[in-house]
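The values are calculated or read from the model by the stated rules, or taken from the named source; none is laboratory data. Predicted, not measured: the structure shown is a model, and the values here were computed from it. Cβ placement follows ideal geometry from the backbone for every residue including glycine, while neighbour counts extend to all protein chains displayed.
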Amino acid sequence: MSQSISFASDNNSGAHPRIMEALARANAGHCVAYGADPWTKEARARFRRLFGDAAEAFFVFGGTGANVCGLSTLCRPWHGVVCAESAHINVDECGAPEHVGGFKLLTVPADQGKIAPEGVARRLHGFGFEHHSQPKVVSITQATELGAVYTPQEIRAIAEQAHAHGLYLHLDGARLSNAAEALDRSLRELTTDCGVDVLSFGGTKNGLMFGEAVVFLRPGLADEFKYLRKQNMQLASKMRFIAAQFSELLRDGLWLDNARQANAMARLLAHRVKGLPKVEVQGSVDTNAVFVRLPRAAAERLKQRYFFYTWDEEAPLYRWMTSFDTTAQDVEDFAQALEQALAAA
Ligand SMILES: Cc1ncc(COP(=O)(O)O)c(C=O)c1O
């Protein structure tokens, strides 16, 4: 591929220049490994400032690891995790939650990746019955894999239902920053204040080179997490390099600026292509993903210039994603390439 900008995934962008500078600054001298360093202390304090005093953040290498470790803290092997059919933990983690975590996923049909108390209720049965997995966690994704967002009211309703049945609420926040920006709510308002117990907080998709965080919001849950993280091979020896990136991201709102740019470019892209013949933007474009239907032949032509994913092969549905560094010119170039592909197909 010759073009340097991709609309395939927010994982395709590089790292934000300020993150690179933070990495370079952290690359000074020696310090104690495995998190006993000043960078990790500072980054953990920044999480407390944004999520509340009880927040306990732990750094891990990737998002799948964050989800598996967070959920494993809450579950024994006979437990079940209620989640959307389309949840990343169900479809995009190669079975790691079930294989590594050992618990069962109890899926619920979802609209744009969102589940609601009515759907969750269908999985809340068999309590105390030794032949059934015991529901222990509800997991939601914010923003969802389909780019939609849960309002604080919607999250609170799921949390209340979960807690009333003795379940925890886990939130896969690989794109929590994008959701917070879209909803104009603080990170705390969308999590701690809504009753979320544990979350994965995404960094890589929002300008980091690598690294995610597992954040415990309910006191007591994190007590043995350090053992679990090590057993699950997510303990970074040179943790200062993950922590320094998070400190920079959270220091003065870089997380929000990056999410704002990515979200704005997705809206611009949707707006730009909406009127084109045979192009149908699906659902609302709440965050940095645009799902679109277009003729297969046009999509294949466009793919010769820009790589992107086919989300549904049968009735072809395609996903375009924007990143913190996508510009209006990138969007225009992509839209023009689409116009040419449509005309030629
Ligand atoms: C919703 C969601 N959760 C988690 C992840 C993290 O996955 P990875 O293990 O690739 O970092 C992703 C990445 O695509 C995602 O979209």
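Summary table
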| read-out | value |
| --- | --- |
| Matching residues, the range 66-88, being small (Gly, Ala, Ser), surrounded by fewer than 24 Cβ atoms within 10 Å (Cβ to Cβ) and within 11 Å of the ligand (Cβ to nearest atom) | SER86 |
| Residue in the range 259-272 that is surrounded by fewer than 18 Cβ atoms within 10 Å (Cβ to Cβ), farther than 19 Å from THR326 by Cβ and not acidic (Asp, Glu) present | no |
| Residue among GLY52, GLY62 that is at pLDDT 95 or above and more than 22 Å from LEU256 (Cβ to Cβ) | GLY62 |
| Extreme residue, nearest to the ligand (Cβ to nearest atom), among residues of the range 125-161 that are part of a strand (DSSP E or B) and under 26 Å from SER177 (Cα atoms) | THR141 |
| Matching entry among GLY63, GLY14 (being surrounded by 14 or more Cβ atoms within 10 Å (Cβ to Cβ), of a type outside the set (A, V, I, L, M, F, W, C) and touching a residue at least 24 places away in the same chain (Cβ under 8 Å)) | GLY63 |
| Any hit, the range 97-116, residues being within 13 Å of the ligand (Cβ to nearest atom), modelled with pLDDT of 95 or more, assigned to a helix (DSSP H, G or I) and within 20 Å of VAL214 (Cα to Cα) | yes |
| So LEU50, is it under 19 Å from the mean Cα position of the chain (by Cα), closer than 22 Å to VAL215 by Cα and away from the ligand (no atom under 16 Å from the Cβ) | yes |
| Residue among GLU160, GLU154 that alone is in contact with a Gly (Cβ under 9 Å, 6 or more places away or on another chain), over 18 Å from ARG46 (Cα atoms) and acidic (Asp, Glu) | GLU160 |
| Tabulated pairs, the range 81-94, first more than 20 Å from LEU124 (Cβ to Cβ), second near the ligand (Cβ under 10 Å from one of its atoms) and of a type in the set (Ser, Thr, Tyr), C-beta under 6 angstrom, 6+ apart or interchain | GLU93/THR64 |
| The range 232-272, residues that are closer than 12 Å to ALA26 by Cβ and in a helix (DSSP H, G or I) | ARG240, PHE241, ILE242, ALA243, ALA244, GLN245, PHE246, SER247, GLU248 |
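Let's see how each residue does on (1) farther than 26 Å from ALA143 by Cα; (2) outside the structural domain of THR322 (by TED's automatic domain parsing); (3) free of Cβ contacts under 8 Å to residues at least 40 places away in the same chain; (4) assigned to a helix (DSSP H, G or I):
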site: PHE7; (1), (2), (3), (4): no, yes, no, no
site: ASP10; (1), (2), (3), (4): no, yes, no, no
site: ALA24; (1), (2), (3), (4): yes, yes, yes, yes
site: VAL32; (1), (2), (3), (4): yes, yes, yes, no
site: ALA36; (1), (2), (3), (4): yes, yes, yes, no
site: GLU42; (1), (2), (3), (4): yes, yes, no, yes
site: PHE47; (1), (2), (3), (4): no, yes, no, yes
site: ALA54; (1), (2), (3), (4): no, yes, no, no
site: ALA57; (1), (2), (3), (4): no, yes, no, no
